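Below: one structure, written as structure tokens.
The values are calculated or read from the model by the stated rules, or taken from the named source; none is laboratory data. Quantities reported herein were computed from a predicted structural model and do not represent experimental measurements. For neighbour counting, all protein chains shown are included, and Cβ atoms are generated from backbone atoms with ideal geometry for every residue, glycine included. Protein only, heavy atoms only, side chains kept; ligands, DNA and RNA dropped before computing areas. Shrake-Rupley method; radii C 1.70, N 1.55, O 1.52, S 1.80 Å.
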Amino acid sequence: AQSVTQPDIHITVSEGASLELRCNYSYGATPYLFWYVQSPGQGLQLLLKYFSGDTLVQGIKGFEAEFKRSQSSFNLRKPSVHWSDAAEYFCAVGPYNNNDMRFGAGTRLTVKP
Amino acid sequence: NAGVTQTPKFQVLKTGQSMTLQCAQDMNHNSMYWYRQDPGMGLRLIYYSASEGTTDKGEVPNGYNVSRLNKREFSLRLESAAPSQTSVYFCASSDRPWGSPLHFGNGTRLTVT
């Protein structure tokens, strides 16, 4: 069963526009939640994480995400996208079996000039 | 600071051949991981090592073996490669088994013909 769903395979936004990438999950308890970014030919880099506490978390590069328990969502947002934000974004949820996290299929972001 | 280093970057194998993917980290992390990334499926955990001397299966371990050679190095071996193992392989490390960010290498692109 899919543990993490990223409904949008590909999103295109104009530079300077706002961005929201969706992530929905299924998990039996309060999960640990992560967003990672992957540039072409590179490994994944952590943008932000949620473990507990304030449901709005700030990350690097001006990104933020909000944990909404009632909607089982952890959407990633940025108020103004830069051309350098073009990349693939992965949501991840865990733990499973004490040491595993499950990744969504990813959302590829294209930024138009 | 190199972080997580994977070799080789690219590899082409014929069905039935064997090979070892190498991974080394210089961050003194205890935990190391091998993931595979396939289009539309995100990353899936193959094996992990919570600490030196221990290894455990992840979500998709069949057809693979691992060795945690020392604290720095964690290798992944394909004994008899199959076309289904065509993928991009990522090694990652973290300073504790769960809850801390993963640091990824840049990946190995493997094609099995």
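If you keep only loop residues by DSSP, which chymotrypsin sites (Phe, Trp or Tyr not before Pro) in the stretch A:1-59 have at most 13 other Cβ atoms within 10 Å of their Cβ?
When the chymotrypsin sites (Phe, Trp or Tyr not before Pro) of the stretch A:1-59 are filtered for loop state and at most 13 Cβ neighbours within 10 Å, A:F51 remain.
Mind jotting down the distance between the C-alpha centroids of the stretch B:37-85 and the stretch A:1-66, whole Å?
Rounded to whole Å, the Cα centres lie 25 Å apart.
How large is the Kirkwood hydrodynamic radius of the stretch B:1-68, in angstrom, based on all distinct alpha carbon pairs?
Across the stretch B:1-68, the inverse of the average 1/r is 13.5 Å.
How large a share of the accessible area of the stretch B:38-82, in percent, is made up of carbon and sulfur atoms when the probe is 1.4 Å and the other protein chains stay in place?
Solvent-exposed carbon and sulfur of the stretch B:38-82 make up 44 percent of the total.
Compute for chains A and B the buried accessible surface, both sides summed, probe 1.4 Å, and express it in Å² to the nearest 100.
Looking at A and B, the buried total is near 1800 Å².
Per the Kirkwood treatment, what hydrodynamic radius in Å, one decimal, follows for chain A from the mean inverse distance over all distinct Cα pairs?
On the way: mean 1/r = 0.0707 Å⁻¹.
Final number for the Kirkwood radius of chain A is 14.1 Å.
Compare the Cα positions of A:V81, B:N28, A:S70 along the charge dipole of the protein assembly as shown (+1 at Cβ of Lys, Arg; -1 at Cβ of Asp, Glu; about the Cα centre) and return the one farthest towards the positive end.
So the residue we want is B:N28.
Taking a label point 7 Å from the Cα of A:T55 along the Cα→Cβ vector, which residues of the stretch A:74-89 have an amide N closer than 15 Å to it?
Residues A:74-76 fall inside that zone.
Tell me, what is the percent relative contact order of chain A, built from C-alpha pairs under 8 Å that lie six or more residues apart?
Over chain A, the number comes to 37 percent.
Averaged per residue, what accessible area in Å² does chain A show with a 1.4 Å probe, protein chains only?
48
Could you check the simple spin-label distance between B:N30 and B:N70, using points 7 Å along Cα→Cβ, in nm with one decimal?
With each label placed 7 Å out from Cα toward Cβ, I get 2.0 nm.
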